[in-house]
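What follows is a set of notes on a single structure, which appears directly below.
The values are calculated or read from the model by the stated rules, or taken from the named source; none is laboratory data. Quick caveat: nothing in here was measured; it's all calculated off a predicted structure. FYI the Cβ positions are ideal-geometry reconstructions off the backbone, even for glycines, and counts take in every protein chain you see.
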Amino acid sequence: MNPVLAFVSVMAIWTVSDLIAKRTRSLLSSLFVASLIFLVGFLTDLFPHDMLGSSALLALGGVVVGLIVVHLGTLISLDDFKRQWRTLLIGIATVVGIGLALLLAAVIFHGRAPGGYPGVASARDFAIAGTGALSGGTISVLIVQEAALGYGLTAVAVFPVLIAALQGLLGFPLTSVILRREAQRLRGEYRAGRLAPAATVESQEARTSRLPAALQTTAGTLLVVGAAVLVSILMNNLTDGVLNTFVVALLLGITLRATGVLKPSVLVGIDSLGLMMISIMILVFAPLAGVVPADVKALALPLLLAFAFGLVGIVLFAGVTGKLLGYTVPMSVGIGLTALYGFPGTMILSQEAARGAGETPEEVAAIEGDILPKMIVAGFSTVTITSVVVTSIIAGHIGG
């Protein structure tokens, strides 16, 4: 596809999606609307399957996603991060809940695995594969695929790919509705004087950086933040992935803000932030181009069961754990739902919820300041950390 035409087409889809999100006050999130448009377009061959790649935004997103994660770290103060231990526990409970719910589904529907693929897969194989995909990202999917293909179970290998491609269609709208409710509650708290204005937090920290002026330009800022990402990649490679690149990048962002090397919200104000943000959103839609209708039809029952039981596991375990730890049920379930999409959805949905509920810039900033740190930490605790650990343990039981 012509690169310029592809770029304009993607921008048109995102513009429409963003407009609908604003008109519905984030009841329909831009991510959900855009995902739906892309899915229908790819399934009907209305969109060329190379459209996202041809637009150059996909490649750009892959490069700058680490920079945005460092930027997110500079949005969170060290004190805020320390307070997120409850969020981490809810994320862990969520992954456990998904696994137990899918194992229950395997017991109930034992022996009903679909045919049409090489290898004889059991319901338990699909439960394990579904747990990795529903609660995790690319790494978890690859772990499951390797284990399944080792036994020649093609259907089990395809299954997590479909879940990964489609789960945003479930997670985005549900999270939008739940975070919208939480944002409205926080708006009431703010107006009653029980939620501190965002400016109060920012005023306690220096808004300047220790870096020389030459490194505080657009190019200089990108240089420093990019260097932090390179350090994150190096740590990932040295530990063979135990220290995930994006987890290290987030921690570096928090640390560099706390030490005054980077100012809070380090990328705000630089000329390229808008394009960078759009490009990482495209990463969310890329898997939709690979969805094959025949696979969806053949695996329809396992997909429906995985989503239904997985969602029940998320709501029960995240909701109960969060309530016991002092969070509201909507916020707890919202944290649990991050397992279905992770970053950058955690950031975009939080910002949309705040804009949809807040009626003044101060209200929006205060609401976002409460929701965003929880959702960012939640996304990494479920998708990037807990899911990889759990999937690594249970994947060995595929084909057994």
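Scanning the range 362-400 for residues that are part of a helix (DSSP H, G or I), closer than 22 Å to residue 156 by Cα and without any contact (Cβ under 8 Å) to a residue 40 or more places away in the chain yields 389, 393. Pairs are defined by a Cβ separation below 7 Å, a sequence spacing of at least 6 or placement on different chains, a first member in the range 337-361 that is at negative phi, and a second member that is charged (D, E, K, R) and assigned to a loop (DSSP other than H, G, I, E, B); the pairs so defined are 356/25. Filter the range 148-175 down to residues that are out of contact with any Pro (no Cβ under 8 Å at 6 or more places or on another chain) and either of a type in the set (D, E, K, R) or over 25 Å from residue 379 (Cβ atoms) (or both) and give me whichever is surrounded by the most Cβ atoms within 10 Å (Cβ to Cβ). That would be 156. Residue 101 meets the conditions (1) within 20 Å of residue 351 (Cβ to Cβ); (2) crowded, with 16+ Cβ neighbours inside 10 Å in every case but one. The failed one is (1).
For (1) of a type in the set (S, T, N, Q); (2) modelled with pLDDT under 90; (3) touching a strand residue (DSSP E or B) at 6+ places or on another chain (Cβ under 8 Å); (4) part of a loop (DSSP other than H, G, I, E, B), each residue gets a yes or a no:
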position	(1), (2), (3), (4)
214	no, yes, no, no
222	no, no, no, no
266	no, yes, no, yes
288	no, yes, no, no
295	no, yes, no, no
305	no, no, no, no
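Only one of the listed residues (93, 129, 34, 59) is of a type in the set (A, V, I, L, M, F, W, C), out of contact with any Ser or Thr (no Cβ under 6 Å at 6 or more places or on another chain) and in contact (Cβ under 8 Å) with a residue 12 or more places away in the chain. That residue is 129.
Within the range 29-44, does at least one residue satisfy the condition of being over 23 Å from the mean Cα position of the chain (by Cα), in a loop (DSSP other than H, G, I, E, B) and either surrounded by fewer than 15 Cβ atoms within 10 Å (Cβ to Cβ) or at pLDDT 90 or above (or both)? Looking for residues that are over 23 Å from the mean Cα position of the chain (by Cα), in a loop (DSSP other than H, G, I, E, B) and either surrounded by fewer than 15 Cβ atoms within 10 Å (Cβ to Cβ) or at pLDDT 90 or above (or both), one finds at least one in the range 29-44, hence yes. Restricting the range 325-344 to residues that are outside any helix (DSSP H, G or I) and among the small types (Gly, Ala, Ser) leaves a set whose member that is surrounded by the fewest Cβ atoms within 10 Å (Cβ to Cβ) is 326.
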